[in-house]
Amino acid sequence: MSKALYLDCHAGIAGDMLLSALVDLGADAKKIENELKQLPIDDFALHFEKKVKQGINAMTLNIDFHEHHHHRKASDIFKMIDESHLADRVKARSKKIFETIGYAEAKIHGMTLEDVHFHEVGAMDSIIDIIGGCIALEQLDIETLYCSAIPTGNGKINIAHGIYPIPAPATAEILKGIPLADFDVQSELTTPTGAAFAKSLVSNFGPFPAATMTEIGYGAGNKDFEFPNILRVIQFQDARENTNDQVQVVECQIDDMTPEMLGHFMDIALKDGALDVYYTPITMKKNRPAIQLTIICKVNEKHHIENIVLSHTSSLGVRSYTVNRRILSRAFRKIKTQYGEITIKFSLKNGKILKMKPEYEEMKKVSTEESIPLQNVYNEVMKVLYNHYKVGDELTEE
């Protein structure tokens with residue numbers, strides 16, 4: 001069973017509320033700050049503090065900036081993330097959130113993603129909220145995110161481009177396709193950063209699923225209302241079996257890239273969030289041998305993956321469509337062998353083992369380092385595996 005997180009957006013969602021809630025849940029504030037300080041950004045200090053908001057003891061965040069911070073272009077932020085020390089999943093999630101906001105801003109202002117200047121979002125506090133939040137999710141090993149319907153609030157807000165109705169234009173664009181909650185409050189409850197977290201990382205929106213809660217965290221916003229201005233995050237074990245969901249298929253035909261370039265693109269796409277990538281030999285017009293590139297990704301990553309294809313291949317366009325899929329739940333365990341610990345991937349049906357397979361890359365590493373045939377390593381691992389687990393057995397918690 002994987003670790004999952006439910007975002008209970010009773011009072012909306014903002015980047016600082018989410019980061020505060022994740023720290024309250026158990027993420028290490030000092031380690032988050034240390035990782036952020038390795039990025040080429042302005043000097044700052046994070047101050048997390050517990051405060052009572054309408055009877056609820058919640059975590060708050062204040063950021064001290066030691067020098068003036070400036071606006072940044074989307075391309076500068078993506079470059080900073082790509083060149084950073086951050087874990088791969090932190091990079092992918094952070095870029096996805098910035099892309100979500102960037103595409104919204106680009107559409108509103110009639111420009112390309114590369115030309116977008118992040119105003120509120122590019123400022124230091126939002127860079128900290130977004131990347132810091134993704135670091136916290138990684139620390140907590142959160143695999144899947146779920147979310148309630150989201151209230152936006154009502155009234156007017158003064159943004160960089162003037163006075164606008166709530167939700168602000170970027171927030172409204174980001175929230176398209178997401179269920180909204182009816183909560184009549186004359187204030188901005190959900191910010192573009194908070195909306196982008198939900199749009200980019202959440203798999204399903206709705207009420208809390210049938211599951212057992214393991215930990216709860218509370219993150220407070222800066223405003224005071226007659227209700228608790230708090231984001232509640234609930235951690236639970238995601239044990240849903242035979243999950244039915246939807247994925248996006250992105251594809252194009254290519255007849256003018258070398259095998260080396262295609263191999264390199266596959267590495268980029270898989271590292272940057274694609275669920276699967278494959279090439280199919282085809283014959284195009286004028287009898288030209290070519291390949292069809294097919295990428296499978298999460299539905300909310302459609303724009304992100306399309307952008308990767310257009311940026312890193314010779315294709316002038318892409319097609320995409322949504323398909324249904326059914327998957328088994330998965331779990332991982334380590335077993336001790338004469339070659340050290342090897343990770344085993346289990347496929348489960350109704351909590352029972354249906355399939356089990358050792359991780360290929362770990363066996364390959366043993367084979368290379370010990371100069372042992374890969375088949376020998378595999379045979380030894382499978383022998384130990386079948387001494388510990390059997391198909392049809394229930395996979396108990398470690």
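The values are calculated or read from the model by the stated rules, or taken from the named source; none is laboratory data. These figures come from a predicted structure and were not determined experimentally. Backbone-built Cβ (ideal geometry, glycine too); neighbour counts: all protein chains shown. To get the accessible areas, we keep the full protein, side chains included, count just its heavy atoms, and leave off ligands, DNA and RNA. Shrake-Rupley method; radii C 1.70, N 1.55, O 1.52, S 1.80 Å.
Numbers for the structure displayed
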quantity	calculated
Spin-label model distance (nm) - Arg325 vs Ile216, 7 Å beyond Cα toward Cβ	3.4 nm
Accessible area expressed per residue, region 329-394, with surrounding protein chains retained (probe 1.4 Å, Å²)	65 Å²
Length-normalised contact order of region 268-346 in % [C-alpha pairs under 8 Å, at least 6 apart]	18 percent
In nm, spacing of pseudo-spin labels at Lys51 and Lys223 (7 Å Cα→C-beta vector)	1.4 nm
Average Cα contact separation per residue, the chain, under 8 Å, 6 or more apart, as relative contact order %	18 percent
Hits among aspartates and glutamates - C-alpha to C-alpha of Lys53 under 14 Å, sequence gap 8 or more where chains match	Asp224, Glu226
Structure-based [θ]222 nm, the chain - -39500 (n - 2.57) summed over DSSP H runs of at least 4, per residue, nearest 500	-10500 deg cm²/dmol
Peptides ranked, highest mean first, by Cβ atoms within 10 Å: ranges 99-105, 317-323	99-105, 317-323
Solution diffusion estimate, µm²/s, Stokes-Einstein, the chain, Kirkwood Rh from C-alpha pairs, 20 °C, viscosity 1.002 mPa s	92 µm²/s
Under the span-like rule (Cα at least 24 Å along the axis, Kyte-Doolittle mean at least -1.0), DSSP H helices of the chain	88-109
Arg325 accessible area, assembled protein chains, probe 1.4 Å, Å²	70 Å²
Gyration tensor verdict on region 295-398 (Cα atoms; rounded if a/c is under 1.5, prolate if a/b is larger than b/c, oblate otherwise)	oblate
Placed amide H near Lys349: partners under 5 Å, 5+ positions off or other chain	Leu354
Segment Thr258-Lys349, length gained on full extension (0.36 nm per residue, minus Cα span)	28.6 nm
Packing rank of 219-225, 253-259, 286-292, 307-313, where each peptide gets the mean count of other beta carbons within 10 Å, highest leading	219-225, 307-313, 253-259, 286-292
Extension gain, Lys176 back to Glu359 (0.36 nm per residue minus Cα-Cα distance, nm)	62.0 nm
Whether region 219-364 is rounded, prolate or oblate, judged on the alpha carbon gyration tensor where a/c under 1.5 counts as rounded	oblate
Carbon + sulfur, % of accessible area of region 246-324 - ligands and nucleic acids excluded, 1.4 Å	54 percent
Environment charge of Val377, counting only residues whose C-beta is closer than 10 Å and scoring Lys/Arg +1, Asp/Glu -1	-1
Accessible surface of region 329-394 [probe 1.4 Å, protein heavy atoms]: carbon and sulfur percent	47 percent
Whole-percent carbon and sulfur share, accessible surface of region 3-241, 1.4 Å	49 percent
Region 213-227 - phi-based ³J(HN,Hα) in whole Hz, Karplus 6.51/-1.76/1.60, Gly and Pro as x	6, 10, 9, 9, x, 10, x, 9, x, 7, 7, 10, 10, 7, 10
